[in-house]
Amino acid sequence: MARRQTIDPLVRSKVIETWGNACWLQLPGCTRVGEEDDHIVPYSHGGRDTVANIRRACKHCNASRQDRVLYGYGVRMHMIVVPPGSCDREAVDYIDSHKSAGDPVVSFTALAAAMGLTSPSLAERRAVAMAWSGAYRQFAISAAPIDVWCTRTTPSSRRHPRMLDEWIALDYDVQVIDPGFTTEWERATDDAGRKRVRQWYALHLSQSLVDARQAERRQRLIALGLRSDSTQSPSRPEW
Ligand SMILES: [Zn+2]
């Protein structure tokens, strides 16, 4: 991490000439102008100081990305977003029918169960949320080409209010599974549950919205030489 600013000025000018000087990440809070050299394959993972491996990023995005990898350049993150009542059902069904044996699953419900919590209090829910975030942060920087499946009810948190934007920027696989308001409403067992259902539907999350934003993002990644034009699936890095 500490070596970032010692890149050969000739490599940097070639990077700017090839890929431009706009921030490649455009995370929430982006200032748009490239101020730093960002390694696509992080330096800590053996990414080198080459034109192929460097894009320009603003200070804010470079810091907030940390060493999280772009989908396919190491870990492949699958984020399954479900309404609050459905974690146990549709998300698990979806993951079971898509994952390979041995893929890690990071689920709030499973973590709570592992802690022996059946109806967690607010403090206990926070502890579970910390466990979820810790697992997410660690997997998101993995250099190994593993598939990780995370379930979440809202693609945001107090510390990261625009988590969905970050997932789209890093081209994660994002699946919104929506069994429908009526189903969710009927599954809610108390007023607190019904309130969570109402709040979730007020977010207006939908797969078609995510797909449209991802299609736009992938065009940008193609222009940046980080995705191939011919296929939706990311190519493996060759450096
Ligand atoms: Zn930026």
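Here is a check on your reading of the model: is residue 11 open to solvent by less than 10 Å² (accessible area, probe 1.4 Å), over 30 Å from residue 183 (Cβ atoms) and touching a residue at least 40 places away in the same chain (Cβ under 8 Å)?
Numbers: open to solvent by less than 10 Å² (accessible area, probe 1.4 Å): no; over 30 Å from residue 183 (Cβ atoms): yes; touching a residue at least 40 places away in the same chain (Cβ under 8 Å): yes.
Taking the combined requirement at face value, the residue does not satisfy it.
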Qualifying positions in the range 54-69 - at pLDDT 95 or above and either more than 10 Å from the ligand (Cβ to nearest atom) or open to solvent by 40 Å² or more (accessible area, probe 1.4 Å) (or both): 54, 55, 59, 60
Can you name the residue in the range 122-165 that is over 22 Å from residue 89 (Cα atoms) and of a type in the set (Ser, Thr, Tyr) and, of all such residues, is surrounded by the most Cβ atoms within 10 Å (Cβ to Cβ)? 142
Hey, any hits in the range 186-193 for a residue that's open to solvent by 90 Å² or more (accessible area, probe 1.4 Å) and of a type in the set (Ser, Thr, Tyr)? yes
Of the residues in the range 94-119 that are closer than 20 Å to residue 146 by Cα and among the polar types (S, T, N, Q), the one that is most open to solvent (accessible area, probe 1.4 Å) is 97
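Looking only at the range 77-89, count every residue that is under 19 Å from residue 172 (Cβ atoms) and in a helix (DSSP H, G or I) and tell me the total.
Matching residues across the range 77-89 total 1.
Taking the stated definitions as given, is residue 38 under 18 Å from residue 143 (Cα atoms) and within 13 Å of the ligand (Cβ to nearest atom)? Please lay out each step first, then the result.
On the way: under 18 Å from residue 143 (Cα atoms): yes; within 13 Å of the ligand (Cβ to nearest atom): yes.
The answer is yes for residue 38.
The values are calculated or read from the model by the stated rules, or taken from the named source; none is laboratory data. Source: prediction; values computed, not measured. Ideal geometry is used to build each Cβ from the backbone, glycine not excepted, and the neighbour counts take in all protein chains shown. Ligands, DNA and RNA are stripped out before the accessible areas are found, and what is left, the full protein with its side chains, is counted by its heavy atoms. Shrake-Rupley method; radii C 1.70, N 1.55, O 1.52, S 1.80 Å.
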